[in-house]
Amino acid sequence: MENIEKKPYERFSGQIKYIEKVKNDNDATFAERGERRRAFVVTFGCQQNEADGEKMKGLALAMGYDLTQEVSEASLILVNTCAIREHAEKRALSIIGQYKHLKQKNPELIIGISGCMVTQEHREYEIKHSYPYVDFIVGTSAFHRIPELIYERRARDKRQFCREDEYAVVEGMPIKRDSTYRAWVSVMYGCNNFCSYCIVPYVRGRERSRQKQEVLREVEELVRAGYKDITLLGQNVNSYGKDLRADYDFADLLSELDKIEGDYTLHFMTSHPKDATKKLIDVMAKGKHIAKHFHLPMQSGSDRVLSAMNRRYDFEKYIGIVDYIREKMPTATLSSDIIVGFPGESDEDFEATLSALHRARFDMIYSFIYSPRKGTPAAEMDTQIPDKIKSERFDRLLETQNGIALEANKKLEGQTLRVLCDGRSKNNSEMFTGRTEGNKIVFFDGTDSDEGKFIDIFIERGETFALWGRKA
Ligand code: 5AD
Ligand code: SF4
């Protein structure tokens, strides 16, 4: 708790001496061997984690490492983990298991684990005792201290366990962005909602917002540098500003960012329905740069389940927001998150979710099978649903949504949409791919120079998961 009074910039500036020490050591090795030490950073999970991973890469570069995609040649491995579902944790643990032999081959290798998984006490214990070759762990609120942990690990030959710092905002960290035209900008961190199934409030702490000037400065810099697609991030992005007790909220922030001159689009995620105000929707409708795309997790269509989930809205309130979005922005794309198999979910509750899908007509959903998370209230409920029923419901959910998505995408046939090109498709290098303002994937006949540019595409065919077209 030594940093409790520190300001956002001071919190990181304390690390500069460690960055220099690690860098000096890395530079000396380079002088001796003629080869730079390399860092391998792998991230699991959500966009917030991706954004954190880009800061970890920035730190690695500042410490004099080169980045590598090849784990076997790394002198520093950082695994940035997720804990949202059991599957994510299993994958991370299995990857960490595979690194044991790398450490045997190269005792100089430093392995650090960050992110939501290791911010949980029981995972810290597990890593400490079952993964002795892991050199340090660092929690979601403390990863700016990676330079210090690497330095201490080397200088004292002692494993480092830094699961929590006080949950505060850190400014001034270097960032190595993965793209030159799509960027993440975290505007707030943490979550106060405590939905009964969710681990996030336990591993990301309470809500805290960045100062408006900091966000403005970062977005301005990105637009000036030619970034085309900027996504404002927060676990609960539309509650931005509440903790600042300032006279502005997320809608005001968005409206101010929208004034920045340039050719770019602003997205934001993830929103909680309780904070999806009419004011916010009005700002979106009027915005010049704000994507007409709303990702608004519904989670369930049953009021009984929503209440057990502690979501603090019912279906009527939810659909009221959807209707208002469609009234103000008839062309808006809507997406949602849905969980099936929450404890106690009856057939009737599940049917309510299916009919909610028909009523809301989302363009796409991210669907999840409920996964009990240790320490959350829902994991303790004695009405857990058997796996077989969960997966049957999951299949029916997808089937229902696929029909709705197909219809929505068919309606776009014959329209010309602005698409940000992501270059050649990974599956078919003859085709180019990109995303619409509503985040729909489009395949088209492009050229290499289209990558990173907005291109107008005439949509010829709408399918369930993608649109197909040609340059207009
Ligand atoms: N099980 C399944 N899905 C979950 N989500 C969050 N926690 C769980 C869980 N324990 C889903 C929610 C959330 C999305 C990011 O992940 O739908 O909106
Ligand atoms: Fe988890 Fe609910 Fe917070 Fe989203 S709003 S991060 S689902 S607790």
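Here, each number is a calculation from the coordinates, and none is a lab measurement. Please read all numbers here as calculations on a predicted model, not as lab measurements. As a convention, Cβ positions derive from the backbone with ideal geometry for all residues, glycine included, and neighbour counts pool all protein chains shown.
Brief remarks on what is shown
- Remark: the Cα gyration tensor places the chain in the prolate category, a/c being 1.5 or greater and a/b exceeding b/c.
- Positive minus negative residues near residue 82 (Lys, Arg vs Asp, Glu; Cβ under 14 Å): +2
- Helix 387-410 axis, angle to the chain major axis (alpha carbon atoms, nearest 10°): 60
- Relative contact order, percent, the chain [alpha-carbon distance under 8 Å, six or more residues apart]: 10
- Between helix 315-328 and the chain: long-axis angle, C-alpha atoms, 0 to 90°, nearest 10: 80
- Reciprocal mean inverse distance between Cα atoms of segment 272-411 - Kirkwood radius, Å: 15.8
- Descending semi-axes in Å of segment 416-471, equivalent ellipsoid built from Cα gyration tensor: 15, 12, 10
- Descending by average beta-carbon neighbour count within 10 Å, the peptides 419-427, 9-17 line up as 419-427, 9-17, the highest first.
- Between the amide H of residue 114 and those of 79, 80, 81, 138, distances stay under 5 Å, these residues lying 5 or more places away or on another chain, with hydrogens modeled in the peptide plane.
- The order of the peptides 220-231, 134-145 by mean Cβ neighbours within 10 Å, most packed first, is 134-145, 220-231.
- Listed from fewest to most Cβ neighbours within 10 Å, the set 468, 184 follows the order 468, 184.
- Kirkwood analysis of the Cα pair distances in segment 11-162 returns a hydrodynamic radius of 15.4 Å.
- Tensor-based shape of segment 179-287 (alpha-carbon gyration tensor, a/c under 1.5 rounded, otherwise prolate or oblate): prolate
- Over all other residues within a Cβ to Cβ distance under 11 Å of residue 360, the charged ones net out to +1, with Lys and Arg as +1 and Asp and Glu as -1.
- Protection proxy ranking of 82-92, 301-311 - average other beta-carbon atoms within 10 Å, highest first: 301-311, 82-92
- Between the helical axis of 347-360 and the longest alpha-carbon principal axis of the chain there is an angle of about 80 degrees.
- Of all aspartates and glutamates in the structure, those lying under 16 Å Cα to Cα from residue 328, and not within fewer than 8 positions of it along the same chain, are 282.
- Counting beta carbons within 10 Å around each of 77, 95 and listing the fewest first gives the order 95, 77.
- For residue 131, the shell of other residues with beta-carbons less than 12 Å away shows a net charge of +2, using +1 for Lys and Arg and -1 for Asp and Glu.
- Ratio Rg/Rh [Cα only; Rh per Kirkwood] for segment 175-240: 1.05
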